[in-house]
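Reviewing the structure listed below.
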Amino acid sequence: MDNQFFRSMSYGVYITTSYEGGRAAGCITNSNTQITASPATVCVSVNHDNFTNQCIARSGKFAFTVLSEQSDPSLIGRFGFSSSRDVNKFEDLQEGLVKWVDGVPVVAAGCGYAVCRVIGTMETSTHTVFLGEVVAAEALSEEVPMTYRYYHEVIRGKSPRNAPTYIAEEPKEPASGGRYVCQVCGYVYEGEELPADFVCPICKHGAADFKRVE
């Protein structure tokens, strides 16, 4: 099977969140899709290993934020490359960036958000597909929604291994001068030398967490 086929399909970049048992959780998803218009119904696919999956299943609620091309890439690093089991991903976020709607934490950034009540599920070997009826929604801007193609080709980020669309990439020849890969999120820096004070634009880790690829 030619996995490159799936690169031709269209995906967005979303922060999907939930709250259960006193714990807020969130992760990056890219398979959020509107199913019907009236009543407004959507679905999202979340990996079984994500703590967010458990929170949605137990609480029966989830929200998602549509990131835009102008969204801070560090939000992807924060919500996509660590686990809510171990990290409070909402801690120290910019004031006003988190709001609570119908008992669910929402990242009020990008194009807007929706809050949903789970009305059905479907299980696959690795992911749960949650079907949700939208109970609240707000458009925040008219910015261009971020696609996964934009994330890969412009921001030059990598897919988390738990993403539905994750494809292991073949090693590439380093560009002239050098190629440095972030060991946390996979961001690639190309240049003669990696500056000592360089900070990854996605996960905000420093130069010490980059490895030169020969």
Which of Ala37, Ala114, Ala57 moves most in a GNM of the chain, Cα contacts under 10 Å?
Ala37
Mind grabbing the accessible area of Thr33 for me, 1.4 Å probe, Å², rounded to tens?
70
Take the alpha carbon atoms of the range 40-139, find their radius of gyration, then divide it by 2.2 N^0.38 Å using N residues; give the quotient.
1.06
Could you list which residues have their amide H under 5 Å from that of Gly191, counting only those 5 or more apart in sequence or on another chain, with H placed in the peptide plane?
Gly178, Arg179, Tyr180
At 222 nm, what value in deg cm²/dmol follows for the chain if DSSP H runs of at least 4 each add -39500 (n - 2.57) and the sum is divided by all its residues, to the nearest 500?
-2000 deg cm²/dmol
Sequence order, the range 190-204: Karplus ³J(HN,Hα) from phi using 6.51 cos²θ - 1.76 cosθ + 1.60, θ = phi - 60°, Hz rounded, Gly and Pro as x, gives 10, x, 4, 9, 7, x, 4, 9, 5, 10, 4, x, 9, 9, 6
Calculated on alpha-carbon atoms, Rg and Dmax of the chain in Å
17.6, 55
Sorted by chain and number, the residues with a modelled amide H under 5 Å from that of Tyr11, at a separation of 5 or more or across chains, are Tyr148, Arg149
Which residues' amide hydrogens lie under 5 Å from the amide hydrogen of Val101, considering only partners 5 or more residues apart or on another chain, with H built in the peptide plane?
Val106
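Scan the chain and hand back the longest stretch that contains none of the trypsin sites (Lys or Arg not before Pro) lying in DSSP loops with at most 16 other Cβ atoms within 10 Å.
That would be 1-84.
The values are calculated or read from the model by the stated rules, or taken from the named source; none is laboratory data. Note that the coordinates shown come from a computational prediction; the quantities given were computed from them, not determined experimentally. Cβ atoms come from the backbone with ideal geometry, glycine included; neighbour counts cover every protein chain shown. Side chains included, ligands, DNA and RNA excluded: accessible areas come from the protein's heavy atoms. Shrake-Rupley method; radii C 1.70, N 1.55, O 1.52, S 1.80 Å.
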